[in-house]
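I have placed the structure first, in the form of structure tokens, so that the comments after it can refer back to it.
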Amino acid sequence: MGPNEDAGRLPGWTLLVGLVGWVVPLMILAACQEFGLPWVIGIPVAIAILVSSVLAERKIERKYLGSRQR
């Protein structure tokens, strides 16, 4: 394997960013329902986590795959 064979590929840990971005908001919403936490706090927090994970995924993709487009 040469040093350029891995260029343009995402590392495996980057899959966790997307997974966390979907699992944590669902856990927050489930906690709101199960433990009686206020929805007024839970829903905006879940949305904020989801949006931040999407932005983090895009930033990671630009970092690792951006050089291929240039």
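The values are calculated or read from the model by the stated rules, or taken from the named source; none is laboratory data. All values derive from a computational prediction rather than experimental measurement. Quick reminder, even Gly has a Cβ in these numbers, built from the backbone with ideal geometry, and neighbours come from all protein chains shown.
So the values come out like this:
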| quantity | calculated |
| --- | --- |
| Out of 27, 1, sole residue that is out of contact with any Pro (no Cβ under 8 Å at 6 or more places or on another chain) and modelled with pLDDT under 90 | 1 |
| Within segment 22-70, considering residues that are under 10 Å from the mean Cα position of the chain (by Cα) and among the hydroxyl-bearing types (Ser, Thr, Tyr), the one nearest to residue 10 (Cα to Cα) | 53 |
| Matching residues in segment 19-70 - criterion: being touching a Leu at 6+ places or on another chain (Cβ under 8 Å) and among the small types (Gly, Ala, Ser) | 21, 31, 42, 46 |
| Residue within segment 56-66 that is modelled with pLDDT under 90, among the β-branched types (Val, Ile, Thr), assigned to a helix (DSSP H, G or I) and surrounded by 16 or more Cβ atoms within 10 Å (Cβ to Cβ) present | yes |
| Test for residue 36: is it of a type outside the set (Val, Ile, Thr), exposed (fewer than 10 other Cβ atoms within 10 Å of the Cβ) and at pLDDT 85 or above | yes |
| Qualifying positions in segment 9-55 - assigned to a helix (DSSP H, G or I) and touching a residue at least 40 places away in the same chain (Cβ under 8 Å) | 14, 17 |
